[in-house]
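Heads up, the thing below is written out as structure tokens.
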Amino acid sequence: MRIVVAGGRTQADFLIGDLVKKKHKIVVINDDAAYCDYLSSTHKIPVYHGDPSKYFVLEEAGIKDFDVLVALTHRDADNLAICQYAKRCFGVKKVICTVANPKNADLFKELGVNTVISSTHMIAQYISQAATVENLIKTMSVEDDKVIITEVLVEPNYGCVGKTLMNITLPENAIIGCIIRKSADMIVPNGNTEIKSGDKLLILSSPENQKKVMAAIAN
């Protein structure tokens, strides 16, 4: 994919490194000249120096019709401007940004940003989830939070241990899509697949049913 990374410091550095490893075409825009030199020399990619919230800077970077733009500046208003320019003026297919103020997340989505990441909200959500199931490892959302993928490590005392999938009552709009097991690597389960202690379950569900899914697995 062709991806623009606009602004940011440590977050940008980490993200760029990961994307370069995966062979994506990356364009980086940053308003810190010294950091531009660092990113360019570290990742061996073109880096444009300038304020990414300015139209002419995005134009000079040649981002027209890119697949994704990620805005990582520390100013919410700038991130919104970057995303709106990218989508409306340059035809970028999907725009993503971070927000410092979690109250801006819903507003930015209404204004056309495809995915809004609030670190404050994510931390609060993680704490809530971890309190429900201690061995919930991680959760990610797709399709603008319509679907979440939850990875759960099955402990020996979980109620699902020794049961087949057909004997585990999951809520609506939830499915165990994959099991990662040390002895068998990856398993695509069916109704007769038995859950074992130590399995990692990849579960697809709607956000509102996640706690019910966790209860069905653990109790």
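The values are calculated or read from the model by the stated rules, or taken from the named source; none is laboratory data. This is a predicted model, so every value here is computed, not measured. Every residue, glycine as well, gets a Cβ built from its backbone with ideal geometry; the counts of neighbours run over all protein chains shown. When the accessible area is computed, the model is the full protein with side chains, heavy atoms only, and any ligands, DNA or RNA have been set aside. Shrake-Rupley method; radii C 1.70, N 1.55, O 1.52, S 1.80 Å.
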| request: Check V57 against each of (1) at pLDDT 95 or above; (2) open to solvent by 40 Å² or more (accessible area, probe 1.4 Å) and name the one condition it does not meet. | output: (2)
| request: Output the residues belonging to the range 1-28 that are on the phi > 0 side of the Ramachandran plot and open to solvent by less than 30 Å² (accessible area, probe 1.4 Å). | output: G7, G8
| task | Please determine, by comparing only the residues of the range 160-198 that are open to solvent by 100 Å² or more (accessible area, probe 1.4 Å) and in a loop (DSSP other than H, G, I, E, B), which one is modelled with the lowest pLDDT. | result | S183
| request: Any residue in the range 11-34 that's in the same structural domain as D51 (by TED's automatic domain parsing): show its pairings with residues that are part of a helix (DSSP H, G or I) and of a type outside the set (A, V, I, L, M, F, W, C) at Cβ separation under 6 Å, as long as the two are six or more apart or on different chains. | output: I16/H43; V20/H43
| query | Of all residues in the range 199-219 being of a type in the set (S, T, N, Q) and over 17 Å from C160 (Cα atoms), which is surrounded by the most Cβ atoms within 10 Å (Cβ to Cβ)? | reply | S205
| note | Checked D51, D65, D31 against criteria (among the charged types (D, E, K, R), touching a helix residue (DSSP H, G or I) at 6+ places or on another chain (Cβ under 8 Å) and surrounded by 16 or more Cβ atoms within 10 Å (Cβ to Cβ)); the one match is D51
| task | Please determine, by comparing only the residues of the range 78-99 that are open to solvent by 10 Å² or more (accessible area, probe 1.4 Å) and in contact (Cβ under 8 Å) with a residue 40 or more places away in the chain, which one is nearest to V113 (Cα to Cα). | result | T98
